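Heads up: the structure comes next, in structure tokens.
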Amino acid sequence: MSLEDMYQEIILDHYRKPLNRAPSLDDEAVAVHHSNPLCGDEMGLRLRVVDDAVDAVVFDGEGCSISQAAASAMTDAVIGRDLKDALDLTEDFRRMMHGDEPTRADDLKDGIAFQGVAKFPVRVKCALLGWMALKDAIETYERGASAHTVTHEE
Ligand code: ZN
């Protein structure tokens, strides 16, 4: 099995059996909604912060397999991390989706499987949707706000 096939399997697995997919979260700190009109992806994300760390994050929504699978892998990679660390990891993923080698490949966990998506510019926003929603949720939390909606236009 090639690395590409293996990554494909990981992506399909997250799509079929997403982690932390739920419409609500007890004691949530922030709820954000992001959409990607280019593809029709919708993503609601809820974040709970304890001691300046990601205590829990859940997502729901409708969208292509890449957007849903990437969000699932993201939740697994960031739960338990300090907010600052989660933002740093988000930046590593974002750079990877723009063609750079990730510097925190191990920390990205299954997120690394999306590296090949960088070759398909129209899908990059799909892979980034959950991560950008997380970044927004953390920044919204840090501003002391509680809800936010963003539409990613071209
Ligand atoms: Zn999409």
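Can you tell me the FRET efficiency between residue 94 and residue 27 if r is taken as the Cβ-Cβ distance and R0 is 25 Å, rounded to the nearest 0.05? Mind showing how you got there, number by number?
Working: r = 29 Å, r/R0 = 1.14.
My answer for the efficiency is 0.30.
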Mean residue ellipticity (222 nm) of the chain, computed from DSSP H runs ≥ 4 via -39,500 (n - 2.57), nearest 500: -14500 deg cm²/dmol
Probe 1.4 Å - accessible area at residue 101, Å² to nearest ten: 140
Global geometry of segment 10-65, whether rounded, prolate or oblate, following the gyration tensor of its Cα atoms and the 1.5 cut on a/c: oblate
Cα-based reach from residue 84 at 15 Å (exclusive), listing aspartates and glutamates while leaving out same-chain residues under 8 positions away: 51, 52, 55, 92, 107, 136, 139, 142
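Could you work out the equivalent-ellipsoid semi-axes for segment 41-154, taking the square root of 5 times each eigenvalue of the Cα gyration tensor, largest first, in whole Å? The partial results should precede the final answer.
On the way: eigenvalues 87, 55, 28 Å².
Whole-Å semi-axes of the equivalent ellipsoid: 21, 17, 12.
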Pair residue 146, residue 12: separation of 7 Å Cα→Cβ label points (nm): 4.3
Within a Gaussian network of the chain (alpha carbon springs, distance under 10 Å), most fluctuating of 52, 60, 27: 27
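Using a Förster distance of 41 angstrom, determine the FRET efficiency expected from the C-beta separation of residue 84 and residue 5, and round it to 0.05.
On the way: r = 36 Å, r/R0 = 0.87.
With a Förster radius of 41 Å, E is 0.70.
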Probe 1.4 Å, all protein chains present, accessible-area order of 85, 41, largest first: 85, 41
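Around residue 40, with a cut-off of 12 angstrom between Cβ atoms, what is the net charge of the other residues, counting Lys and Arg +1 and Asp and Glu -1? Show your work: numbers first, answer last.
On the way: positive: 125; negative: 41, 42, 62.
Neighbourhood net charge equals -2.
The values are calculated or read from the model by the stated rules, or taken from the named source; none is laboratory data. Model, not experiment: these values are computed from the prediction. Neighbour counts are summed over all protein chains in view; Cβ atoms, including those assigned to glycine, are modelled from backbone coordinates with ideal geometry. To get the accessible areas, we keep the full protein, side chains included, count just its heavy atoms, and leave off ligands, DNA and RNA. Shrake-Rupley method; radii C 1.70, N 1.55, O 1.52, S 1.80 Å.
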